[in-house]
1. Rounded to a whole number of µm²/s, how large is the Stokes-Einstein D of the range 119-159 at 4 °C and 1.567 mPa s, given Rh as the Kirkwood radius over C-alpha pairs?
2. So what is the calculated 222 nm ellipticity per residue for the chain, using -39500 (n - 2.57) for each DSSP H run with n of 4 or more, over all residues, to the nearest 500 deg cm²/dmol?
3. For Lys118, which lysines qualify as cross-link partners when the Cα separation must be under 18 Å and same-chain residues fewer than eight apart are set aside?
4. Kindly give Rg over Rh for the range 69-136, based on alpha-carbon atoms, with the Kirkwood expression for the hydrodynamic radius.
5. Taking just the C-alpha trace of the range 131-283, give me its Rg and Dmax in Å.
6. Would you mind working out the accessible area per residue for the chain, using a 1.4 Å probe, and quoting it in Å²?
7. Given the options Lys189, Lys28, Lys152, which has the most mean-square fluctuation in a GNM of the chain, springs set between C-alpha atoms less than 10 angstrom apart?
8. How big is the dipole moment of the range 84-176 about its Cα centre under a simple scheme where the beta carbon of each Lys and Arg is +1, that of each Asp and Glu is -1, and everything else is neutral? Debye, nearest 20, please.
Amino acid sequence: MKIKILREDSLISLLLDEFKGSSRTRIKKIILNGTIMVNGKVVTNPNIRILPGDIVDYTKYHAPLNTQDAPFPVLYEDSELIAVVKPAGILTYGEKGTTGTSLYRMMNDFLRDRSKGKERIFVCHRLDREVSGILVFAKSEDIQDKVKESWKETVKRYYALVEGKPPENENTVRSWLKENKAQKVYSVKESPEAKFAVTHYKVIRELNGYTLLEVSIETGRKHQIRVHLSDMGCPIVGDWKYGASRKITGHIRLHAFYFAMKHPVTGQMLEFTTRMPRGFISV
């Protein structure tokens, strides 16, 4: 169903007018379920601004099963993918030698129980234990392969609260990265063992000796953002491993707030966003 847009307003306000009698909570759920397209792209941000002439399309969503009991917030789910929000302090996927449970194990158990053994998830990417934000999982190995094959087309954006202020308000950091036996990553000269990494950043606001950045990456190297910001002399707040002050306790202030990708089956553009965690900029 296409909706004619005659005025500028937020998506949720326009839909509240369109679906008279529906509650704000229900409309927000419709948007978060990924059933609204704006100009041909799926949007999940209720507050996105819509302009006269934009084309808003609504496709009725049939949730596979209830996700209200999921162990983590679910941003989107269909028969091929599920996108969730990972809190800081939990592993994405527990490997041999790691301690504690993982988001993968908890979500996989939830889906298997909910579907009576018919569904499971497959890892497409990871976030460090200390990092919060959006994670996307596939529901089959075939979809996992398709997502990985088109991984360079995904768009990922992060909030980072750093110590000090970068030398430029907007810039790009490039270096070759290598990991040592202590699992610490560092920049080196080009070599066969090193991997090239590219990180973009821009200043959002300054906060009494700290700076909030928006960061995006062209490559997905281990600890890439943490190393590059530290190399600039602006380690992420709380990231002791890469030179931050030990005065700040708690999780490191790095949050994956935006993720966009083409759906591996339909080809539609999917966009997921999540809020900055509570207390993220409090130091």
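The values are calculated or read from the model by the stated rules, or taken from the named source; none is laboratory data. Just so you know, these numbers come straight off a predicted model, no measurement behind them. Cβ sites come from the backbone with ideal geometry, for glycine too, and all protein chains shown count toward neighbours. These area figures cover heavy atoms from the full protein model, side chains too; ligands, DNA and RNA do not enter into them. Shrake-Rupley method; radii C 1.70, N 1.55, O 1.52, S 1.80 Å.
1. On the way: Rh = 11.3 Å.
Answer from the Stokes-Einstein relation: 114 µm²/s.
2. Numbers: 5 runs with 46 residues, N = 283.
The helix contribution divided over the chain gives -4500 deg cm²/dmol.
3. Lys139
4. Values: Rg = 11.6 Å, Rh = 12.3 Å.
Expressed as Rg/Rh, it is 0.94.
5. Rg and Dmax of the range 131-283, Cα atoms, are 16.3, 49 Å.
6. Working: 15310 Å² over 283 residues.
That works out to 54 Å² per residue.
7. Most flexible of the set in this elastic network: Lys189.
8. Values: 18 positive and 14 negative charges, 67 e Å.
Dipole size: approximately 320 debye.
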